[in-house]
Amino acid sequence: MFSSPTPLRAALLAQILGGIAAAVIIQLAYPQLFTVALAGAALQGVCAALIGHWLGAPKWWLPIHCLFMPAVVLASRLNIDSNWYLAALLLLLLIFWRTDQSRVPLYLSNAATARALKTMLPAAPCLVIDLGCAHGGLLRRLARARPDCRFVGIEHAPLPWLWAKLASLTLPNLQIRYGDFWRQNLASFDVVYAFLSPVPMPRLMEKALAEMRPGTLLVSNSFAVPAVTAERVVELADRRATRLHCYRM
């Protein structure tokens, strides 16, 4: 179920079925529990998590299922204007955008990754792209370190894109674009960098093989391409124990 393009629907289904299961259990075992909202919400959360697990949800979804309805009940008891909840939802949407569709969370590349990637760039001037550049921190480090090279970042979440765009205005060799990186042809790039998730990696490799030139380099942060052997894997001595999977076209 969660391997489908719309995992949010599967999460909603788990919550609905969890609510039905909790109602049935309470009705059969202890009807008085209907008057204790938080206890009923807790039972619904457990049922939703179990159903989510049965539907194939990733492990990190399970605590969300457990805590979602109890959080709703607790939040309803707070004397907070409903407009603040709407504002929080809009803020999260602007930061993460449609992660449920892209299947790519907001990952930030650290300084250690930038240093390692710098050593992989050709000695001659080259063109580099970051697919899903977030706030552009990686590219800014590289653009300052290699002013002879040109760098491009693509981001589809509005607030990270705006941050990256504004922060790069003083760097003439760095361009930040707003949009879907799947629509970007990779033929002109010497190095393609991506920090995505396990889900889109097979599709990314297909795109790279179809569009990138022979001898160019695809670097994936943390996530390997299934059934494809990397030319090399660079292990970084950072807190994440980051691994950069390098694929030569």
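Rule-based calculations on the coordinates, nothing more; no lab input. A quick note: this is a predicted structure, and the numbers were derived from the prediction, not measured. FYI the Cβ positions are ideal-geometry reconstructions off the backbone, even for glycines, and counts take in every protein chain you see.
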The chain: most fluctuating residue of 206, 235, 155 per GNM, C-alpha cutoff 10 Å: 206
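Once Rh is set to the Kirkwood radius over Cα pairs, what Stokes-Einstein translational diffusion coefficient, in µm²/s, holds for region 111-248 at a temperature of 10 °C and a viscosity of 1.306 mPa s?
Working: Rh = 15.0 Å.
Taking Rh from Cα pairs, D becomes 106 µm²/s.
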Mean Cα-pair separation over length for the chain, i.e. relative contact order, pairs under 8 Å, 6 or more apart, %: 13 percent
Kirkwood estimate for region 7-79, i.e. one over the average of 1/r between Cα atoms, Å: 12.2 Å
Under the span-like rule (Cα at least 30 Å along the axis, Kyte-Doolittle mean at least 1.0), DSSP H helices of the chain: 7-29
Where labels lie 7 Å past Cα in the beta-carbon direction, separation of residue 67 and residue 182 in nm: 3.0 nm
Cα-projected label distance for residue 92 with residue 115, points at 7 Å along beta-carbon direction, nm: 3.6 nm
Stretch gain in nm, segment residue 79-residue 228, where the contour uses 0.36 nm per residue and the Cα spacing is subtracted: 48.2 nm
Eligible aspartates and glutamates near residue 165 by straight Cα distance, threshold 19 Å, same-chain separation 8 or greater: 130, 155, 180
Sorted peptide list for 68-79, 189-200, 14-25, criterion being average Cβ within 10 angstrom, highest first: 189-200, 14-25, 68-79
Ratio Rg/Rh [Cα only; Rh per Kirkwood] for the chain: 1.08
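Apply 1/(1 + (r/R0)^6) to the Cβ-Cβ distance of residue 13 and residue 38, taking R0 = 22 Å, and write down the FRET efficiency to the nearest 0.05.
According to the calculation, E is roughly 0.40.
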Amide H partners (placed H, <5 Å) of residue 174, local residues excluded: 151
